[in-house]
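Chemist: Please see the structure below; I have some questions.
The values are calculated or read from the model by the stated rules, or taken from the named source; none is laboratory data. Being a predicted model, the structure only gives us computed values, none of them experimental. Don't worry about glycine lacking a Cβ; one is built from the backbone with ideal geometry, like all the others, and counts go over all protein chains shown.
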Amino acid sequence: MDITLSQCFIAVDDHDKAIPFYRDVLGLEVRNDVGFEGMRWVTVGSPSQPDVNIVLEPPLADPNASPADRQAMAELMAKGMLRGVIFATDDCDATFERISAAGGEVLQEPMDQPYGVRDCAFRDPAGNLLRFTQPLAK
């Protein structure tokens, strides 16, 4: 049996801010942009990984959610407490420079970690944690 990653989800509160960040800053391609019942889902992915998609979804993709649930999700999103994604890169420092030069919100500058990677971290426009890792040479 072979199991591979197909999709992961990141909640975004404004697709019009998220798309330029994921497309223009990170270099991902927009693969799909679909509206349904007043909500919007946008699928992005790396050109080098055509079978792996990141779905930029509404923060609470449930039309039956209560106002209290919607408020709780909005508060968690504002604090950056929802989802996070770890991207692999072959040059952590260059990736950091490109994203920070484009105005990305820096959480951590590149640093060597004791678990064998050099990484840095940013928040996307919705507050989600994005890490970029590069394996350390052995």
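Chemist: I need every pair where a residue in the range 35-61 that is over 14 Å from I10 (Cβ atoms) has its Cβ under 8 Å from the Cβ of a residue that is among the polar types (S, T, N, Q) and surrounded by fewer than 17 Cβ atoms within 10 Å (Cβ to Cβ), sequence separation at least 6 or different chains.
Modeler: Every condition considered, the pairs that remain are D51/T4; D51/S6.
Each row is one residue, and each column tells you yes or no for (1) surrounded by fewer than 11 Cβ atoms within 10 Å (Cβ to Cβ); (2) touching a strand residue (DSSP E or B) at 6+ places or on another chain (Cβ under 6 Å).
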residue: D2; (1), (2): yes, no
residue: L5; (1), (2): yes, no
residue: K17; (1), (2): no, no
residue: P20; (1), (2): no, no
residue: D24; (1), (2): yes, no
residue: N32; (1), (2): no, yes
residue: R40; (1), (2): no, no
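Chemist: Here is a further query. Given the conditions (1) hydrophobic (A, V, I, L, M, F, W, C); (2) part of a loop (DSSP other than H, G, I, E, B); (3) in contact with an Asp or Glu (Cβ under 7 Å, 6 or more places away or on another chain), which single one is not true for V44?
Modeler: Checking V44 against (1) hydrophobic (A, V, I, L, M, F, W, C); (2) part of a loop (DSSP other than H, G, I, E, B); (3) in contact with an Asp or Glu (Cβ under 7 Å, 6 or more places away or on another chain), the one that fails is (2).
Chemist: So P50 fits all but one of (1) farther than 25 Å from E97 by Cβ; (2) outside any loop (DSSP other than H, G, I, E, B); (3) at pLDDT 80 or above; what number is the exception?
Modeler: So P50 meets the others, but not (2).
Chemist: Six or more apart or on different chains, Cβ atoms under 8 Å: show the pairs whose first residue is in the range 68-82 and more than 10 Å from A126 (Cβ to Cβ) and whose second is not in a loop (DSSP other than H, G, I, E, B).
Modeler: M73/A11
Chemist: Only one of L60, L56, L5 is in contact with a Lys or Arg (Cβ under 6 Å, 6 or more places away or on another chain) and aliphatic (A, V, I, L, M). Can you tell me which?
Modeler: Answer to the check: L60.
Chemist: Additional query: Among residues belonging to the range 83-125 that are farther than 15 Å from G27 by Cα and of a type in the set (S, T, N, Q), point out the one that is surrounded by the fewest Cβ atoms within 10 Å (Cβ to Cβ).
Modeler: For the range 83-125, the residue satisfying everything is Q113.
Chemist: Any residue in the range 66-76 that is modelled with pLDDT of 95 or more and farther than 17 Å from D14 by Cα?
Modeler: no
Chemist: From the residues in the range 1-18 that are over 21 Å from R131 (Cβ atoms) and not in a loop (DSSP other than H, G, I, E, B), which one is nearest to the chain's Cα centre (by Cα)?
Modeler: Ranking the qualifying residues of the range 1-18, first place goes to H15.
Chemist: If you don't mind, there's one more thing I want to ask. From the list E109, E97, exactly one residue is in a helix (DSSP H, G or I) and of a type outside the set (K, R). Which is it?
Modeler: The unique qualifying residue is E97.
Chemist: I've got another one for you. Pick out the one residue from V34, V30 that is more than 17 Å from the chain's Cα centre (by Cα) and in a strand (DSSP E or B).
Modeler: V34
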